[in-house]
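The values are calculated or read from the model by the stated rules, or taken from the named source; none is laboratory data. Please read all numbers here as calculations on a predicted model, not as lab measurements. Every residue, glycine among them, receives a Cβ derived from its backbone with ideal geometry; neighbour counts consider all protein chains shown.
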């Protein structure tokens, strides 16, 4: 930490704070059983997440105008429901399934760790999710954010610099007074390139058996922790 | 209420949730005593607030480009320090005094009432303050917001419709699913014109002996309450 302390800490959310894969597989499996709709729900969830970066890249490249993540998720879902031959879903079902991203569950250390950090720092998500998704998720999961930094505030997706620098601008802080916390080395590298402080903690089960990266810190981040509670301890919170 | 209930409630902040006049007079009087700087601090605070609407009107009219409230406050303060002949203030003092708007204290019912409402609704300030001012104020006063809607998110000051409709857009709600709560009838009239629900509670001491309006509800607002705790009770929270 070299004696510096941040004034605010922003968190990557999908995978870093909440368990998108376990949450969605659990919810969709229960939904399929309750409705008698058989499908490879696990495969569909993994394919849905695999569509995440390519769909945002269409916005980043300019092929699509600014589009909220909810709407990117829905376009991917419509395609995957056909590819996975899931039959019998109504429009209301599709809306409900798409809103599953608003109902993700936190990793066990997230709420206690964030609660400790909130006592000392301004905390918020800095996520590619839209504000409504993140606000609903916080209500569902009990995430004690001070402020929600959704990508729609900036009209940009991470790792575009407008997101990291936008947090500093809105909080009237220098980039070096803001810490980006994530389980993804790539997110932290982009934040560091903008001058932010960085904190890493691994989520080795984020992608289940398909996890291929981010088992450990790739760089000497300002904080390297076991999880968010350990991060709070290292920051004296 | 006619059977409707909001999904989110946003609050006017200065005067409605926090006591700007009592807070600033108390802080500046103590500051003057500690520093041995004699001045009509009460008069300065009243004049500072009197400059609030005219300064925003310069932005609304286009005479000034978008300017954050912190910067409008500072320009007014610089003028008033000269008018009130306050001597001996350093640049650091002026910055500290200007940040007094980040350190306002809540009315006694605000934190308990908001805490109850937060359990049932998404809550946030919808204020002419900038995000950093409101986030720092929430930390200082213990205001349990889910999301901070500062005017800098919209590049507009209330009562411009972009502010009320901007909340609905960011929360992915219809305007009629959002309730504006304030101690100011004018704010509610503008919100209602945009289709929002409305809640009024009076703050008859906001302007101290200079209070001239807003002693009671001017229209049949959806909720008319004694204070924020009574509002929570009326909304079943």
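Is it true that residue B:86 is more than 26 Å from residue B:146 (Cβ to Cβ), assigned to a helix (DSSP H, G or I) and either touching a residue at least 24 places away in the same chain (Cβ under 8 Å) or in contact with a strand residue (DSSP E or B) (Cβ under 7 Å, 6 or more places away or on another chain) (or both)? First the steps, then the outcome.
On the way: more than 26 Å from residue B:146 (Cβ to Cβ): yes; assigned to a helix (DSSP H, G or I): no; either touching a residue at least 24 places away in the same chain (Cβ under 8 Å) or in contact with a strand residue (DSSP E or B) (Cβ under 7 Å, 6 or more places away or on another chain) (or both): yes.
For residue B:86, the condition - more than 26 Å from residue B:146 (Cβ to Cβ), assigned to a helix (DSSP H, G or I) and either touching a residue at least 24 places away in the same chain (Cβ under 8 Å) or in contact with a strand residue (DSSP E or B) (Cβ under 7 Å, 6 or more places away or on another chain) (or both) - is not met.
Among the conditions (1) part of a helix (DSSP H, G or I); (2) touching a residue at least 40 places away in the same chain (Cβ under 8 Å); (3) loosely packed, with under 14 Cβ neighbours inside 10 Å, residue B:59 misses just one, which is (3).
Could you identify the single residue in B:49, B:68 that is outside the structural domain of residue B:208 (by TED's automatic domain parsing), at pLDDT 95 or above and closer than 21 Å to residue B:164 by Cβ?
Details: B:49 fails: closer than 21 Å to residue B:164 by Cβ.
Unique residue meeting the criteria: B:68.
For the range B:117-130, the criterion of being part of a helix (DSSP H, G or I) and either under 27 Å from residue A:132 (Cβ atoms) or in contact (Cβ under 8 Å) with a residue 40 or more places away in the chain (or both) is met by at least one residue. Condition first: under 17 Å from residue B:171 (Cβ atoms), within 11 Å of chain B (Cβ to nearest Cβ) and touching a residue at least 12 places away in the same chain (Cβ under 8 Å). Can you find one or more residues in the range A:170-187 that meet it? No, every residue in the range A:170-187 fails to be under 17 Å from residue B:171 (Cβ atoms), within 11 Å of chain B (Cβ to nearest Cβ) and touching a residue at least 12 places away in the same chain (Cβ under 8 Å).
Hey, residue B:147 hits all of (1) touching a helix residue (DSSP H, G or I) at 6+ places or on another chain (Cβ under 6 Å); (2) at the interface with chain A (Cβ under 10 Å from one of its Cβ atoms); (3) outside any loop (DSSP other than H, G, I, E, B) but one; which does it fall short on? For residue B:147, the failing item is (3).
Within the range B:211-229, the residues that satisfy the criterion of being under 23 Å from residue B:112 (Cα atoms) and either surrounded by fewer than 14 Cβ atoms within 10 Å (Cβ to Cβ) or touching a residue at least 40 places away in the same chain (Cβ under 8 Å) (or both) are B:215, B:216, B:222, B:223, B:226, B:227, B:228, B:229.
Would a scan of the range B:161-179 turn up a residue that is farther than 23 Å from residue A:130 by Cα, modelled with pLDDT of 95 or more and assigned by TED's automatic domain parsing to the domain that holds residue B:224?
Kept after step one, since they are farther than 23 Å from residue A:130 by Cα, are these residues of the range B:161-179: none.
No, the range B:161-179 has no match at all.
Taking the range B:189-210 only, how many residues are exposed (fewer than 15 other Cβ atoms within 10 Å of the Cβ), farther than 27 Å from residue B:173 by Cβ and either within 18 Å of the chain's Cα centre (by Cα) or in contact (Cβ under 8 Å) with a residue 12 or more places away in the chain (or both)? Looking only at that region, the number is 4.
Residues that are within 12 Å of chain B (Cβ to nearest Cβ), surrounded by fewer than 17 Cβ atoms within 10 Å (Cβ to Cβ) and in contact with a helix residue (DSSP H, G or I) (Cβ under 8 Å, 6 or more places away or on another chain) within the range A:100-142 comprise A:140, A:142, listed in sequence order. Can you work out which of the residues in the range B:89-99 that are away from chain A (no Cβ under 14 Å) and part of a helix (DSSP H, G or I) is surrounded by the most Cβ atoms within 10 Å (Cβ to Cβ)? Here the answer is B:97.
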